[in-house]
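Structure record follows, encoded as C-alpha cells.
The values are calculated or read from the model by the stated rules, or taken from the named source; none is laboratory data. A quick note: this is a predicted structure, and the numbers were derived from the prediction, not measured. Don't worry about glycine lacking a Cβ; one is built from the backbone with ideal geometry, like all the others, and counts go over all protein chains shown.
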Amino acid sequence: MAEDTIAAIATPLGEGGLAVIRLSGPDALGVADRCFVPAGSRSLRPSAAPSHTLHLGRIEHDGRLVDEVLLAVMRAPRTYTREDVVEISCHGGLLPAKLVLTAVLASGARLAEPGEFTRRAFVNGRLDLAQAEAVADIIQARTELALAAAEEQLAGKLSQRIRQLREDLLGVLAHLEAHLDFPEEDLAPDTAARLLARLRDGRTFLETLLRTAPEGQILRRGVRAAIVGRPNVGKSSLLNQLLGRDRAIVSPEPGTTRDTIEETANIRGIPVVFVDTAGLREADDRVEQEGVRRTHTAVRQAELLLHVLDASEPLQPEDERQLATLAGRKRLVVLNKSDLPSRLDRVPEAVAAGLPISCLTGAGIEPLKDAIQRAVWAGELRADMVEVMINARHQEALRRACEALHGALDGLESGATFELVALDLRRAIDAVGEVTGQTTTEDLLDRIFGEFCIGK
Ligand SMILES: Nc1nc2c(ncn2[C@@H]2O[C@H](COP(=O)(O)OP(=O)(O)O)[C@@H](O)[C@H]2O)c(=O)[nH]1
Ligand SMILES: [Mg+2]
C-alpha cells in the first residue's frame, strides 16, 4: 500500500455544473478534516463519518471560504483504489475546482500523477492490468460498440480467459518440472499425449485471441479513410453526408478545399476517421501546393480510400491516372452526382463496379456505409467478438507467447529434453501473464498509466 495521499481534479477543466476533486491514500480523511467544515453544529468530521456517506459543508483555506461542497467519504477497502477515498463535489468551473485542489494540497495531499488512481487500483489488486487499460478505453470510446468492448474488458471477460490459459500452461509446466526432478522415470505415453493436447489447445486459443487484434485496434483507434479525387467531384460534399452535418466548405469553385479536414464518424459502430483532401492535381499556387502535399500524406496514412468520381462527366485523363496510381490500395470507387444523367461510358472495370451516390439527394449513402463497414471489418459484428478484443500491447505479448508455445510443442514432438521444453513453456507463461499484469515491470506500468489523464 502507498504511504502518501494523492489528490487531483477528476472532471474535465472548463465550465460545468459540478467539478469533482478526488483524494486517495491513508491520510485522505485527515486531509479532508483539515480543509472541510461540515454544515450544522452536530455534523461529523470526515474522519469520524461512516463509510460511503455524503456530507454538506464548505472547503476553507487559511480561514477563508473557498466553496460550498458535498464531500463523499469512502473507507478502504471498498473503493476504487482500495485505499481511503474522499470525493469533493464543488461548483463547476475552473476556479472553484482549482482552489479546492489548492486547499486539499495545502492540507497534506500530493498532486497525483496521470493515471495514479487507477495504478493504485491495479497495485492493490482491485483491477488487473487488462481491466485498468479498459478504463482508459472507456474514457476514449467513440462509438457504442467500442464502449461495449471496453466494458466487457473492464468486467474481466478477457482477464478470465487469460488467467485460465495461464493456469492450464502452468499445469503442464508442473508436470514437466516434476519429471525433471525424477529423470529416471519415463513419462507414461498417455500422460505425454495429454500434455501435448493441452499445449495444442492453448496454442489454438492464443491464435483465436490474436485474430481479434485488427478489430480491437479499429475499435480503439478508429480506421482512417481518405476521400480522394479530382477537384469538384464532390469530396467535401461526401464528407458532410457521412458526418450528417456541414463540416467542410462545398463550392462550385475547384480548389476550395486547400487543407485536409479530419472528422470521426460512427459507421455501423466503427469509428471511422474521414479525411477530406484537397485533391491530387498539379497545383500552381503555394497554398494549394501545400494542400496537395498534405493530400499525399493523408493518402499514405489511410487504411481505406474513397475515390470519388463525377458521374455526370466523362472520365478524365486525371481520373484514369489516379485510378491507376491507387490501384494497389484498399479502396471504394464512388460515382457521385448520380442525380444527373450519367456520362460515364466505356469505363474500366474498377469504375463500372463503383457505387453510385448523390450527395445532393443522399441516395446511395447508406449502401456506401455498408460497403465501408465490409471493407474495414473482416468478420461480422458479433456480440461474442466484442467480449475479447485485444489491444496492441496484448497482441505483442500474445504473439511472443504463441511463438514460445510453438517452440515447446516442437520440442515435445521431436523429443527434445524436458529442460528445453520447460524453458519455452515458461517464456510462454510469462508472456501470457503480461496481459493481466501477473508478470510486469515498472517500466511497463509507467508506460501504460502515463497515457491516462490526471485524476483517473
Ligand atoms: N448535382 C450534384 N451536385 C453535387 C453533388 N455533390 C456535390 N455537388 C456539387 O459539386 C460541387 C463541388 O462539390 P465539392 O464537395 O466542393 O467538391 P470537392 O472539390 O471534391 O470537395 C458543388 O457545387 C456541389 O454542390 C451531387 O451529388 N449532385
Ligand atoms: Mg472540397
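Considering only the range 267-341, give the strands (runs of 3 or more DSSP E) lying wholly within it that have at least 3 residues that are within 16 Å of ligand 2 (Cβ to nearest atom) and out of contact with any Asp or Glu (no Cβ under 9 Å at 6 or more places or on another chain).
Working: elements: 270-276, 304-310, 331-336.
By residue number, 304-310.
Exactly one of these conditions fails for Lys369: (1) under 19 Å from the mean Cα position of the chain (by Cα); (2) surrounded by 15 or more Cβ atoms within 10 Å (Cβ to Cβ); (3) basic (Lys, Arg); (4) assigned to a helix (DSSP H, G or I). Give me its number.
That leaves (1) as the condition not met.
Tell me yes or no: at least one residue of the range 373-385 is touching a residue at least 12 places away in the same chain (Cβ under 8 Å), within 12 Å of ligand 1 (Cβ to nearest atom) and in contact with a strand residue (DSSP E or B) (Cβ under 6 Å, 6 or more places away or on another chain).
For the range 373-385, residues touching a residue at least 12 places away in the same chain (Cβ under 8 Å), within 12 Å of ligand 1 (Cβ to nearest atom) and in contact with a strand residue (DSSP E or B) (Cβ under 6 Å, 6 or more places away or on another chain): absent.
Pick out the one residue from Ala225, Ala213, Ala146 that is within 16 Å of ligand 2 (Cβ to nearest atom), closer than 29 Å to Arg399 by Cβ and surrounded by 14 or more Cβ atoms within 10 Å (Cβ to Cβ). Lay out the reasoning, then the answer.
Working: Ala213 fails: within 16 Å of ligand 2 (Cβ to nearest atom); Ala146 fails: within 16 Å of ligand 2 (Cβ to nearest atom).
None of the other options fit; the residue is Ala225.
Per-residue answers, yes or no, for (1) in a helix (DSSP H, G or I); (2) under 27 Å from the mean Cα position of the chain (by Cα); (3) surrounded by 16 or more Cβ atoms within 10 Å (Cβ to Cβ):
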| site | (1), (2), (3) |
| --- | --- |
| Val386 | yes, yes, yes |
| Ala397 | yes, yes, yes |
| Leu412 | yes, no, yes |
| Gly455 | no, yes, yes |
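Name the one entry in Arg198, Arg220, Arg245 that is out of contact with any helix residue (DSSP H, G or I) (no Cβ under 8 Å at 6 or more places or on another chain) and among the basic types (Lys, Arg). Working first, answer last.
Working: Arg198 fails: out of contact with any helix residue (DSSP H, G or I) (no Cβ under 8 Å at 6 or more places or on another chain); Arg220 fails: out of contact with any helix residue (DSSP H, G or I) (no Cβ under 8 Å at 6 or more places or on another chain).
Just one listed residue meets the conditions, Arg245.
Test each condition in (1) over 29 Å from Gly415 (Cα atoms); (2) modelled with pLDDT under 90; (3) part of a helix (DSSP H, G or I) for Ala178 and report the one that comes out false.
Result: Ala178 passes all but (1).
Of all residues in the range 228-250 being more than 9 Å from ligand 2 (Cβ to nearest atom) and surrounded by fewer than 18 Cβ atoms within 10 Å (Cβ to Cβ), which is modelled with the highest pLDDT?
Once the filter is applied, the top-ranked residue is Leu243.
Return yes or no: is Arg245 more than 11 Å from ligand 1 (Cβ to nearest atom), outside the structural domain of Glu320 (by TED's automatic domain parsing) and not aromatic (Phe, Trp, Tyr)? Talk me through it step by step, then tell me what you get.
Numbers: more than 11 Å from ligand 1 (Cβ to nearest atom): yes; outside the structural domain of Glu320 (by TED's automatic domain parsing): no; not aromatic (Phe, Trp, Tyr): yes.
The answer is no for Arg245.
Looking at the range 149-172, which of its residues are aliphatic (A, V, I, L, M) and crowded, with 18+ Cβ neighbours inside 10 Å?
Residues of the range 149-172 aliphatic (A, V, I, L, M): 149-150, 154-155, 158, 162, 165, 169-170, 172.
If the condition is that a residue be aliphatic (A, V, I, L, M) and crowded, with 18+ Cβ neighbours inside 10 Å, then Ala149, Ala150, Leu154, Leu158, Ile162, Leu165, Leu169, Val172 are the ones that fit.
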